[in-house]
Amino acid sequence: ATASIGMAVFPQDDVAPDTWLRHADQAMCHAKRTGRNQIHLFDVQQDHEVQTLHTQQTRVAQPLHDAEFRLYYQPKINLRTGEILGMEALLRWQHPELGLLGPQHVFPLIDDTELTVKVGEWVLEQALRQMRQWTAAGQCWAVSVNIAAWHFHRPNFVERLKAILQTCPEVPPSQLELEILESAALEDVAYMRSMMQSCQALGVRFALDDFGTGFSSLSYLKRLPAETIKIDQSFIRGIVDDHDDLTLVNAIIALAAALQRKVIAEGVETQAHSDILLQLGCELAQGYGTARPMPAEQVPEWARSYHHQASAPKA
Ligand code: C2E
Ligand code: MG
Ligand code: MG
């Protein structure tokens with residue numbers, strides 16, 4: 001026979017007596033789970049971290065439940081022709097007290113949990129419904145959705161994607177693009193490649209997001225079948241006055257051309273950015289210079305005025 005012993009120590013673990021006993025009991029269970037025949041001391045610090053994580057997760061489960069999440073859409077355009085290519089869907093949290101919150105207030109709270117998948121699937125479903133509505137109105141805009149690495153690595157991702165696509169059969173899957181962070185794509189290239197190919201067999205396309213920040217080697221990039229490379233906005237910002245950024249962006253554009261991928265610049269804010277990008281041979285762009293992310297219902301009106309502007313004679 002073996003002995004498994006759990007300990008909780010006062011005053012380090014300064015709680016009510018019944019909780020204190022429960023902690024000792026929890027420690028004993030831990031000793032049993034991790035091989036028995038040992039003494040385990042209750043970890044106050046870790047318990048605290050788990051508790052906070054727990055309350056934070058309930059907080060993020062709540063907006064999903066209360067329908068406080070929104071998708072905003074930011075246009076992607078062709079700088080040369082003025083054509084609208086599509087939109088990137090971006091998550092927002094319409095908080096009842098704090099107002100509109102960006103994804104930085106959502107994702108850090110739910111990193112690596114089931115909730116990432118729930119939120120990710122909500123985003124996919126919502127984006128497809130929006131595409132169905134736009135398609136019915138004669139606007140066949142492509143929509144890009146950001147996919148978290150944790151979500152994409154789920155073994156049933158492809159199966160779930162297929163099921164979600166089937167809820168909107170009016171939308172051609174080729175209109176849906178999945179954006180994967182370049183850094184996330186580097187973790188396991190063989191696996192990423194086969195996952196991407198399975199999704200592509202359904203018709204969807206891929207973009208490597210925040211490209212330039214992930215140190216991909218040429219050979220990796222060659223094996224990743226993403227149709228599009230999205231240059232990270234930190235480099236785009238610098239092309240006007242930072243020679244290194246300009247060189248880097250130029251190199252990424254050349255790389256994309258060599259591998260026959262499309263290339264799009266994100267964070268294009270000014271006319272100077274657009275002019276330089278066009279000179280470098282990058283025609284596709286997304287950024288505040290065209291439009292900020294907006295609620296879906298504002299997009300058709302924005303598109304009308306954008307086309308009107310584009311067709312108006314230049315002063
Ligand atoms: P991202 O995918 O690289 O998206 C571009 C971000 O840059 C967006 O920030 C957008 O609002 C912002 N942006 C666009 N143009 C400009 C510009 O000209 N200047 C500046 N300064 N910023 C610009 P946002 O919406 O705060 O999203 C941040 C990141 O959060 C996204 O970066 C993406 O990685 C993640 N994210 C957003 N929505 C989702 C989602 O539904 N699912 C997942 N997994 N991630 C999401
Ligand atoms: Mg993105
Ligand atoms: Mg980005």
Listed by first then second residue, the pairs whose first member lies in the range 33-50 and is part of a strand (DSSP E or B), whose partner is surrounded by 12 or more Cβ atoms within 10 Å (Cβ to Cβ), with beta carbons under 6 Å and at least 6 positions apart or on separate chains, are GLN38/ALA31; ILE39/ILE5; HIS40/GLY6; HIS40/ALA27; HIS40/HIS30; HIS40/ALA31; LEU41/MET7
For LYS222, the lone unmet condition from (1) more than 16 Å from ligand 1 (Cβ to nearest atom); (2) modelled with pLDDT under 95; (3) in contact with a helix residue (DSSP H, G or I) (Cβ under 9 Å, 6 or more places away or on another chain) is (3)
Checked PHE235, PHE206 against criteria (within 16 Å of ligand 1 (Cβ to nearest atom), free of Cβ contacts under 8 Å to residues at least 24 places away in the same chain and not β-branched (Val, Ile, Thr)); the one match is PHE235
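Looking at the range 267-315, which of the residues that are basic (Lys, Arg) and part of a loop (DSSP other than H, G, I, E, B) is farthest from ASP210 (Cα to Cα)? Steps first, please.
In the first step, residues of the range 267-315 are kept if they are basic (Lys, Arg); the result is 292, 304, 314.
Those still in the list that are part of a loop (DSSP other than H, G, I, E, B) too: 292, 314.
Working: ARG292: 18, LYS314: 34 Å.
Only one residue fits best here, namely LYS314.
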Worksheet item: Hey, does the range 125-145 have a residue that's assigned to a helix (DSSP H, G or I), free of Cβ contacts under 8 Å to residues at least 40 places away in the same chain, surrounded by fewer than 20 Cβ atoms within 10 Å (Cβ to Cβ) and within 16 Å of ligand 3 (Cβ to nearest atom)?
Response: no
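Yes or no, residue by residue, for (1) within 16 Å of ligand 2 (Cβ to nearest atom); (2) of a type in the set (Ser, Thr, Tyr); (3) more than 17 Å from GLU88 (Cα to Cα):
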| residue | (1), (2), (3) |
| --- | --- |
| ARG154 | no, no, yes |
| GLU159 | no, no, yes |
| LYS162 | no, no, yes |
| LEU165 | no, no, yes |
| PRO169 | no, no, yes |
| PRO173 | no, no, no |
| LEU178 | yes, no, no |
| GLU182 | yes, no, no |
| ASP188 | no, no, yes |
When the range 66-93 is checked residue by residue, the ones that are exposed (fewer than 15 other Cβ atoms within 10 Å of the Cβ) and modelled with pLDDT of 75 or more are ALA67, GLU68, ASN78, ARG80, THR81, GLY82, GLU83
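The values are calculated or read from the model by the stated rules, or taken from the named source; none is laboratory data. Quantities reported herein were computed from a predicted structural model and do not represent experimental measurements. Cβ coordinates were reconstructed from backbone atoms using ideal geometry, including for glycine residues, and neighbour counts include every protein chain displayed.
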